[in-house]
Amino acid sequence: MSEYCLFCHEELIEHISWSTFFSKREEELVCPSCQEQLEEITGKRCDICSRPLERIDAQYVVGTRCSDCVRWENDSEWQGYLAGNLSIYLYNDFLKEIISQYKFRGDYLLAKVFAQKLKTSIRMLHADYLVPIPLSTERQFERGFNQAEALLREAGLHSTHLLQRTHGEKQSKKSREDRIHLSQIFQLTDSFVISGKRILLIDDIYTTGSTLRHAAKLLRKAGADYVFALTLARS
Amino acid sequence: MRFAIFDKKLVPEPLLSEPQTTQTIAKIGEIPQPSRNLHFQYCNDVRKRLIGKQLLLDEIPHTLDEIHQHYEQGYITLRKGIVFEKGTPRCQRCGNQKPHLFSSFPCSRCRELCTYCRKCIMMGRVSTCTPLYSWSDSECQSARETANLVWNGTLSFGQQVASDEVVKAISTNDDLLVWAVCGAGKTELLFEGIRYALSLQKRVCIATPRTDVVQELTPRLQAVFPQIDVASLYAGSPDRHKYSPLTISTTHQLFRFYQAFDVVIVDEVDAFPYSMDETLQYAVQNARKERSSMIYLSATPNQQWQKDCRQGKRNFVTIPARYHRKPLPVPELKWCGNWDKKLKQNKLPPNVMKWLKIRLDMEKQALLFIPKIELIPKLLAILQKLDSRIEAVHAADPERKAKVQSMRQKDIPILVTTTILERGVTFPNLDVAVLGSEEQIFTASALVQIAGRVGRSAQYPTGNITFFHFGRTEAMLQARKQIQNMNAEAAKKGMIDIE
């Protein structure tokens, strides 16, 4: 057990109760007040992308879906490739700060905070391969690690590198239009059987869903049976 | 990043023409430093960015090739970002050596398990494979810059004595503590010392814990040294890469400096976070040159420093009186019973209530200091019944600036505040009370600072300062003693006018 909160560095005070003695306790890594600020997504969500429907304007909700996903699914180029995305947390200001420290400042240790939750969700989703969204070589060197792969590693799970980047520009600097109209951002690595497999893509944030859909399309065209995604946060 | 050693020089892995044995910088015993090739035409921008600094590769907007070339020619020095002492890591940038503030990860740059510092990660990651880049000397050989002092004010007698001591310490590269009471006029007494240092081509830095002080000092110093382009450094400031003979910086920003300054002036050495954070003290030490002068400014040095002064172990000068030559208001100590319990019953101790009512009746503005934020709602509920214009502020209050402004404009009769307003603010005609002055947060130095809010202006040099307590503490007595001592010293030296 860590003695200090990994987010705010305050000392962690252990609360001893009967369960401390009788059950194997989950390791505490963050203090209660930081934990409180991580908001899990609850209530009605878009049945494809996990977007919390109660939090968006009614004009962007079409039945059980958000209008973005409706748009994707009406587009014959993208229809049906990505079966769905499960996001765990709301991308609130607190998580924004945490993810920025994790990914951009490179505070690798923060991956541990999400390990347990991630592991539980991944178990429910029964996949043949867990595929972290790859970074370009330059970006991976710059950051020192791939944030999606690190999440899996810290959860004690094995990554399969089915994909690699074809070129590398920062996604966050592009508009939605730019992202969607990129010709091809991934290619397949060899030596894996893809045909008939259930593939779970892993990434830190779902923003427009375009990265994940590019990956899904490529994998489905290569014969994958089912491609879905798990992301830490839904922005 | 990994390095090969080739021809007694480091070569970064990405620049190797053929595969060679490489290792991380942490594992290299002594880092080879090529001697300087005087015929090499160095890039002035590289020099300006790196002189007196310690930067990560990612912070330098030049190619690895160019940086490496400057190293090969003896103009850039690399140091290990993390060193291991008896197996435990120490961050060379921020000095952190607390084990829980380090972690390790499989690093794509060195392909090893890499240990990194979490303490200063907000400034970019320093890990075992991270070099810190500096210019290989920190002498400013730039064209002589003239630094005329444009100021026609006069110093008080006390300021003059201190100013002379500052000049002396700078000329002999010594350290000096300027122990000046709140309202002594600390900034002006530095002018002559700074002018003197600049005239000798020395590089000067004023470091202060708080961004607002940096922003307030910059225009003042820019105005008196108009020929110099003053660099103003705080998180997010546009001057980050500016090279200047006179830098005004938050203590935090000094993490990027290395053996840069001939004179470092540290403002408010006793103030949070500097006094509490060893890494900030490390940063300040790291930023000064080996031969340099350090001027500490404080109104309230801690017990240890005061003892060092008494025992002659620390070079110091005092300014026991304010520039307006009136004695410091001495705090009154008043017992007010269990104020916490009273508050829970939505009441204030009667003597506190009376004190506040008198201020409202006299229409004299007042600050009421409280020990914790949580008390604010209850207090406001009581006080706003007396006067609806009464407000409260605390550190995280988004309207903090606006409220301080309304206080200045006299729109607020009484402002309830946490220790956030204990220093730096001046309201001309003011009384001050502390509720619960026995609480731990009110250290002797905090209480002296709080008392120092009263009677600052020459127009209104007096005022009342009362500590309402539920049991006297050592801190309260020390604070009062310190103020009385200063007044006695000032009287003896003829620095105050006694009517």
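Might you let me know whether segment A:122-131 holds any residue that is open to solvent by 10 Å² or more (accessible area, probe 1.4 Å), away from chain B (no Cβ under 14 Å) and β-branched (Val, Ile, Thr)?
So far as segment A:122-131 goes, yes, one or more of its residues are open to solvent by 10 Å² or more (accessible area, probe 1.4 Å), away from chain B (no Cβ under 14 Å) and β-branched (Val, Ile, Thr).
Tell me, please, whether a residue that is surrounded by 10 or more Cβ atoms within 10 Å (Cβ to Cβ), more than 14 Å from chain B (Cβ to nearest Cβ), modelled with pLDDT of 90 or more and part of a loop (DSSP other than H, G, I, E, B) can be found in segment A:6-18.
No; the residues of segment A:6-18 include none that is surrounded by 10 or more Cβ atoms within 10 Å (Cβ to Cβ), more than 14 Å from chain B (Cβ to nearest Cβ), modelled with pLDDT of 90 or more and part of a loop (DSSP other than H, G, I, E, B).
Go through (1) closer than 22 Å to residue B:428 by Cα; (2) without any contact (Cβ under 8 Å) to a residue 60 or more places away in the chain for residue B:344 and report which single condition fails.
Status for residue B:344: all satisfied but (1).
Suppose we filter segment B:95-122 for residues that are open to solvent by 20 Å² or more (accessible area, probe 1.4 Å), facing chain A (nearest Cβ under 7 Å) and within 28 Å of residue B:285 (Cα to Cα); how many remain?
Residues that pass the stated criteria total 2.
Restricting to segment A:95-121, give me the number of residues that are among the aromatic types (Phe, Trp, Tyr) and away from chain B (no Cβ under 14 Å).
Final tally of qualifying residues: 1.
When you check residue B:283 against the structure, is it touching a residue at least 12 places away in the same chain (Cβ under 8 Å) and out of contact with any Lys or Arg (no Cβ under 7 Å at 6 or more places or on another chain), yes or no?
yes
Of all the residues that make up segment A:79-89, how many are open to solvent by less than 30 Å² (accessible area, probe 1.4 Å) and touching a helix residue (DSSP H, G or I) at 6+ places or on another chain (Cβ under 8 Å)?
Counting residues in segment A:79-89 that are open to solvent by less than 30 Å² (accessible area, probe 1.4 Å) and touching a helix residue (DSSP H, G or I) at 6+ places or on another chain (Cβ under 8 Å) gives 4.
I'd like to know if segment B:76-84 contains one or more residues that are buried (at least 17 other Cβ atoms within 10 Å of the Cβ), touching a Pro at 6+ places or on another chain (Cβ under 9 Å), closer than 18 Å to residue B:121 by Cβ and small (Gly, Ala, Ser).
Within segment B:76-84, one or more residues are buried (at least 17 other Cβ atoms within 10 Å of the Cβ), touching a Pro at 6+ places or on another chain (Cβ under 9 Å), closer than 18 Å to residue B:121 by Cβ and small (Gly, Ala, Ser).
Might you check whether a residue that is at pLDDT 90 or above, part of a loop (DSSP other than H, G, I, E, B), buried (at least 17 other Cβ atoms within 10 Å of the Cβ) and touching an Asp or Glu at 6+ places or on another chain (Cβ under 6 Å) occurs anywhere in segment B:434-447?
no
May I ask you to list the residues in segment B:19-68 that are more than 24 Å from residue B:257 (Cβ to Cβ), outside any loop (DSSP other than H, G, I, E, B) and open to solvent by 50 Å² or more (accessible area, probe 1.4 Å)?
B:23, B:27, B:65
Open to solvent by less than 10 Å² (accessible area, probe 1.4 Å) and closer than 22 Å to residue A:76 by Cβ: does that describe residue A:233?
No, not satisfied.
In the set A:126, A:158, which member is in contact (Cβ under 8 Å) with a residue 60 or more places away in the chain, assigned by TED's automatic domain parsing to the domain that holds residue A:84 and not aliphatic (A, V, I, L, M)?
Exactly one residue qualifies, and that residue is A:126.
Looking only at strands (runs of 3 or more DSSP E) that fall completely inside segment B:303-390, which ones have 1 or more residues that are surrounded by 15 or more Cβ atoms within 10 Å (Cβ to Cβ) and β-branched (Val, Ile, Thr)?
B:316-319
Does residue B:292 qualify as being open to solvent by less than 10 Å² (accessible area, probe 1.4 Å) and assigned to a strand (DSSP E or B)?
Answer is yes for this residue.
In segment B:62-90, what count of residues is obtained for those that are within 14 Å of another protein chain (Cβ to nearest Cβ) and touching a Leu at 6+ places or on another chain (Cβ under 9 Å)?
The number of residues fulfilling the criteria is 2.
Out of (1) within 14 Å of another protein chain (Cβ to nearest Cβ); (2) open to solvent by 10 Å² or more (accessible area, probe 1.4 Å); (3) small (Gly, Ala, Ser), what's the single condition that is false for residue B:127?
Of everything listed in (1) within 14 Å of another protein chain (Cβ to nearest Cβ); (2) open to solvent by 10 Å² or more (accessible area, probe 1.4 Å); (3) small (Gly, Ala, Ser), residue B:127 misses just condition (2).
Hey, could you check segment B:173-226 for residues that are among the aromatic types (Phe, Trp, Tyr) and over 22 Å from residue B:314 (Cα atoms) and say which is most open to solvent (accessible area, probe 1.4 Å)?
Out of the qualifying residues, it is B:196.
Please tell me if residue A:110 is surrounded by 14 or more Cβ atoms within 10 Å (Cβ to Cβ), in contact with a Pro (Cβ under 8 Å, 6 or more places away or on another chain) and in contact (Cβ under 8 Å) with a residue 40 or more places away in the chain.
no
The values are calculated or read from the model by the stated rules, or taken from the named source; none is laboratory data. Predicted model only: the values in this text are computed from it and were never measured. Note that we place each Cβ from the backbone using ideal geometry, even for glycine, and neighbour counts take in every protein chain shown. These accessible areas exclude ligands, DNA and RNA; they are computed on the full protein's heavy atoms, side chains included. Shrake-Rupley method; radii C 1.70, N 1.55, O 1.52, S 1.80 Å.
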